[in-house]
Structures are given as C-alpha cells and as structure tokens.
1. Applying a 10 Å radius around every beta-carbon, put 18-31, 82-95 in order of their mean neighbour count, most first.
2. Could you tell me the calculated FRET efficiency between Glu18 and Asp104, based on Cβ-Cβ distance and R0 = 35 angstrom, to the nearest 0.05?
3. Which of the residue pairs Lys5/Lys47; Lys47/Lys84; Lys47/Lys94 have a Cα-Cα distance greater than 20 Å in the structure shown?
Amino acid sequence: MDMRKHYFVTVDTQDIREISIPDSGIEFEIIASQNEIEEIEKLFMKKNKNAKKAVQYLAKPFDERGADSEREGYDEHLMEIYRKINELGTMQTKEKIKEIGLFD
C-alpha cells in the first residue's frame, strides 16, 4: 500500500505541495498517496486541455455550440478535481468545500 502524506492543493494555481504556503490562494489540505496525487495532476491536465480548446472558439464568435461543449468539459473536470480533494481532504478541507456549496 502506498504511503499517504499530507499535501496542500491550490486549485486556481494547480499547485500541490507538501508544505502550506499562506497567501498562495485557497489551499485544501489532503492526505494522499503518490498515486492519488498523480490522479489529481492528470485531472488538472484534462481541465487545461478543455480550457485551451474553449479559447480556440473565441476566434469563431458564432460557434457557441462547440464552445459550450468545451466549457462543459472544463467544468466537469473542475468538479472532478473538487470531488477528489473532498474525498481525500481533512475535516477542515471538507468543511471549506461544504461552505463553497459545490455539491449542493
């Protein structure tokens, strides 16, 4: 079984650190194995891929259907990230996510 350690995840900057850095955005503390950290990193990459595709539609202002699809993919990956953080999170992290109201 993989050893689990404490990590601090900042979603907006996509940072995953073993040390908390105050004033670096909203941090979520999780307890995870290396495999679980890699899962979160993959979710960040998928979210970024959808964001880049959505930006491509800016040059095509009347192609909203394609842009909407990419935005939905981005949103889905972002929610997956928060679900994973909630699943692995400490009680404080779970409380923070509850306060945000993402899963209401």
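1. On the way: 18-31: 13.0, 82-95: 15.6.
Packing proxy ranking, top to bottom: 82-95, 18-31.
2. Approximately 0.65, to the nearest 0.05.
3. Working: Lys5/Lys47 25 Å; Lys47/Lys84 14 Å; Lys47/Lys94 22 Å.
With Cα atoms farther than 20 Å apart: Lys5/Lys47; Lys47/Lys94.
Every read-out reported here was derived from the displayed coordinates using simple, explicitly stated rules and does not represent laboratory data. On a predicted model such as this, the values are computed, not experimentally measured, just so you know. Neighbour counts are summed over all protein chains in view; Cβ atoms, including those assigned to glycine, are modelled from backbone coordinates with ideal geometry.
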